[in-house]
Amino acid sequence: MKKIVLLFAPLLLLTPLFGQKDFYKTYEFTEADTLRGMLRPERTCYDVTFYDINIRIDPNQQELSGWVDLFYRTVEDFSRLQIDLYENMDLDSISFQGRSLSFERRHDAIFVNFPTEQKKGTSGQFRIFYHGKPTTANNPPWDGGFVWSKDRRGRHWIGVACEGDGASLWWPNKDHLSDEPDSLSIRVSVPKNLSCIANGELRKKVDQGDYQRWDWFVSYPINNYNVTVNIANYTHFSDTYQAADGEELSLDYYVLDYNEEKAREHFEQVKPMLACYEKYFGKYPFWNDGFAMVETPYLGMEHQGAIAYGNRYMRGYLGGMIPAGMDWDYIIIHETGHEYFGNSISCNDLAEMWIHESFTTYMEALYVECEYSYEDAVGYLVSQRPYIDNEEPILGPKGVNWEDWSGSDHYYKGAWMLHTLRHALQNDELWFDILKSFHLEHAISNVTTEDFIQWVNDKTGAQWDAFFEQYLEYPEVPTLEYRTTAVGNDLKVDIRWDCAVEEFAMPVLLGDPEDWEMVRPTTYWQSVTLKDIDEKTFEIATDLFLIRTKRAK
């Protein structure tokens, strides 16, 4: 147990030197940005309850056509609503109760006019007919769109990834993270020599001559960008995972037919991974739909219940990015982590993507801790620290569909923030309860940053608002300024935080690494005396806290 040391005698008030909380105010956003990202009245007036997607994909022409039935519940009276479909896709018509509806397009937004006012509390549906050549991804999955590829035998190998860019690049929907359907049906017709793997459960296959329709059903809420299709010459094999309570989860794998042997061996790591995640966060959240991985012509994506896998059956990230001595597949571990944070727990706005990416990146370290050791988990996080840029806040601007991150701090810095919070608490039982209970309480729902902050405050009985404000809303991390003076066999340490948030008062570990002492600096100079320690022994636990250190004069 770490010793807690009291600090004494404020000496000097710190004037915050850094930080621009309004970091993004200088950005100029367009009408298209706000139409896509803002919750306008034409969006908040209705809630999507179900999508029924019916499309035909022509691999040779790289185009698709079909319709989407959108089922809704009226939240506020309306006679006009907004849906979304990229401008390069043609919206042919919209039908409602046997008649055509008029509509107007503004950029990628489509405003649909109803003949009569739809009253609050009522339900309805309309059908959207459309066709076109969807956007082709230049650098998937970071650049969204369809991937029209060929396998090594020259056969069609097709996928789609659209996180950030939005599902409206290939099918019409209410393209905002805050509104997920309660369930979804996706029926896809492809040439008969190909398989089509989508999300959820395969209900049936329908012969259509030269084509075959694959009918899939998702029984849980799902992010629009997680809806996917994978088209190739797949072979299928299955397995089961037994949870701690004895319940069995179906595991389905769809891989290129010539990769089955290596896939069977490589995917053996799935079951121990699921056991680790169950330990920390509870059972796999989409149990009834099952777990599936699908081989894709791009690196990977967290498509719900049909995880895209393209890491070429290699360790780490295409063979690298994990410490020597470890043998696990980054894409399997990371993308499955998103089933908990990203798919089960989802944010309402792209500005808060840290909820998806920071937690999932931290889950990689927890997997390492589970399968290897705590020390290895810390080492893994330390290996990721060079990827932290501190150039922009982890939180982006809301209401504009923000996806112009200059770096990946909402992955690595956010994971380190969680790592830091764990060690600031110095109570692993409490920390793991915070994580697990937060997921179990908020599973299959949308949350905000404030929801997690309040959860931490309630669980700890303390206020962590300043902590999260500093790490989430400012680019720079706090600097621990200190100076030391030998006093006999002891060491007097003057210490303070230099950061943007004046109320910041995070505990930190320092002293002898064999017996750390916890102190709670503020933005005022204070002093502490460490017993029986000298300058050579004195350290600050920078492997456990995302901070800078500076020796003051």
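The numbers here are math on the coordinates, done by the rules we state, and not lab data. Just so it is clear, the model here is predicted, and its values are computed rather than measured. Using ideal geometry, Cβ is built from the backbone for each residue, glycine included, and neighbour counts are taken over all protein chains shown.
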- Query: What is the P(r) of the chain, as percent of Cα-Cα pairs per 20 Å bin from 0?
  - Reply: 20, 49, 25, 6, 0
- Item | Rounded to 10°, Cα long-axis angle of helix 412-425 versus longest principal axis of the chain | 50
- Note on the structure: Rounded to two decimals, the Debye log10 I(q)/I(0) of the stretch 358-476 (Cα scatterers, no solvent) at q = 0.21 Å⁻¹ is -1.40
- Query: So, in nm, how far is label D433 from label A505 when the simple model puts each one 7 Å beyond its Cα toward the Cβ?
  - Reply: 2.3
- Cα centre as origin, Lys/Arg/Asp/Glu Cβ charges: the stretch 338-473 dipole, Debye: 140
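By average Cβ neighbour count within 10 Å, what is the ranking of 143-156, 174-187, 273-286 from highest down?
Details: 143-156: 16.3, 174-187: 21.5, 273-286: 19.1.
My ranking of the peptides, most packed first, is 174-187, 273-286, 143-156.
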- What number, in percent, do you get for the relative contact order of the stretch 309-378 if the mean sequence gap of Cα pairs under 8 Å and at least 6 apart is divided by its residue count? 22
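In whole percent, what relative contact order does the stretch 338-473 give with Cα contacts below 8 Å and a gap of six or more residues?
Working: 159 pairs, mean separation 43.8, N = 136.
Rounded, it is 32 percent for the stretch 338-473.
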- Message: How much of the DSSP bridge set in the chain is antiparallel, in percent, rounded to the nearest 5?
- Response: 80
- For the chain, the longest principal axis of the Cα atoms and the Cα long axis of helix 354-371 enclose an angle in degrees, to the nearest 10, of 70
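So what is the relative contact order for the chain, in percent, with contacts set as C-alpha pairs under 8 Å and at least six apart? Working shown, then result.
On the way: 1237 pairs, mean separation 80.3, N = 553.
Relative contact order, the chain: 15 percent.
Suppose every K and R has +1 on its Cβ and every D and E has -1 on its Cβ; what is the size of the dipole of the chain about the Cα centre, in Debye to the nearest 20? Please report the intermediate quantities before stating the final value.
Values: 51 positive and 89 negative charges, 164 e Å.
Computed about the Cα centre, the dipole is about 780 debye.
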- Task: With runs of 4+ DSSP H residues as the only contributors, calculate the mean residue ellipticity of the chain at 222 nm using -39,500 (n - 2.57) per run, divided by the residue total and rounded to the nearest 500.
- Result: -6500 deg cm²/dmol
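Would you mind putting 417-427, 232-242 in packing order, based on average other-beta-carbon counts within 10 Å, highest first?
Details: 417-427: 20.4, 232-242: 15.8.
Taking the mean over residues of other Cβ atoms within 10 Å, the ranking is 417-427, 232-242.
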- Query: Expressed as an acute angle from 0 to 90° and rounded to the nearest 10, what is the orientation of the C-alpha long axis of helix 374-384 relative to the principal long axis of the chain?
  - Reply: 70
- Please work out the FRET efficiency for the pair A244 and D90, using the Cβ-Cβ distance as r and a Förster radius of 51 Å; give the result to the nearest 0.05. 0.50
- Which peptide among 255-267, 304-316 comes first, and what is the full order, when sorted by highest mean count of other Cβ atoms within 10 Å? 304-316, 255-267
- Only residues of the stretch 497-528 count here: report those whose backbone N is under 14 Å from the spot 7 Å along Cα→Cβ of T537, or say none. 510-517
- Message: Let's test this: bin the Cα-Cα distances of the stretch 484-533 at 5 Å from zero up to the farthest pair and state each bin's percent.
- Response: 5, 21, 27, 23, 14, 7, 3, 0
